[in-house]
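Take a look at the structure set out below.
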């Protein structure tokens, strides 16, 4: 039985709540579980301590699951709007995003500024607040280092906002084949970025906080969704079209991240 709302302005599938919960649980465990190098862990798990450490580190990729889910939902809403109206009202898209995200986001920025003033943070942290204020918190962490202030988890919001700069325009002006190409370019660019960072022995934060790397989660999910959306559509003879999910739709760089920067999520907690 179909339980999803079909409105172009809202979309809800209860089963996605399970995905949200799994993503939340992974991030929660990543932040709360002690490090694999903790003396208590070494004493309790003994020879299995490395496996425990790998598990707690991998839980950080729950944030990537959040990014993937966000790409699915935004893509669904935009494609539904284009199917219904023949175009995308970009202005209304941005208004909805602003009303949904900005009030709480800038409230958190303001609280972070107050904390920085109260504890006498160094000048570098105030510069970081400025970067966060223009949704460049992720790049601040890449260029300098993650902020020591409570606002640091907001870096993931900055990645989402950067994605929103591209999403509505791509869906509005690109046809289906062009969207495939657009997503493929992003996936290739993300892997090229990872290759370059690995060759240059970049710090772990340059992988995890890098918007180009994280965009692969968005592009990969959009790539797969566009293909899956055709599933169930019928040819004139009434038969369903054959369906195949392209291998390129799966983010290939995830394994590269785990191989070349295995401790990044342990050292730099995703927000």
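Taking other C-beta atoms within 10 Å as the exposure proxy, 172, 46 rank 46, 172 from fewest upward.
I'd like the distance between the alpha-carbon centres of region 59-96 and region 139-194, rounded to an integer number of Å. That distance is 13 Å. Each peptide among 100-112, 200-212 gets the average number of other Cβ atoms lying within 10 Å of its residues, and from highest to lowest they stand as 200-212, 100-112.
Computed over region 13-133, the P(r) curve from all C-alpha pair distances, binned at 10 Å from the origin, holds 11, 21, 28, 25, 11, 3, 0 percent per bin.
The translational diffusion coefficient of region 78-139, from Stokes-Einstein at 25 °C and 0.890 mPa s with a Kirkwood hydrodynamic radius over alpha carbon pairs, comes to 176 µm²/s.
You can think of it this way: the chain between residue 188 and residue 169 has 4.8 nm of extra reach, that is 0.36 nm per residue less the Cα-Cα gap.
Throughout, read-outs are computed from the coordinates displayed, never taken from laboratory work. Not measured: the values here are computed from a predicted model. Cβ sites come from the backbone with ideal geometry, for glycine too, and all protein chains shown count toward neighbours.
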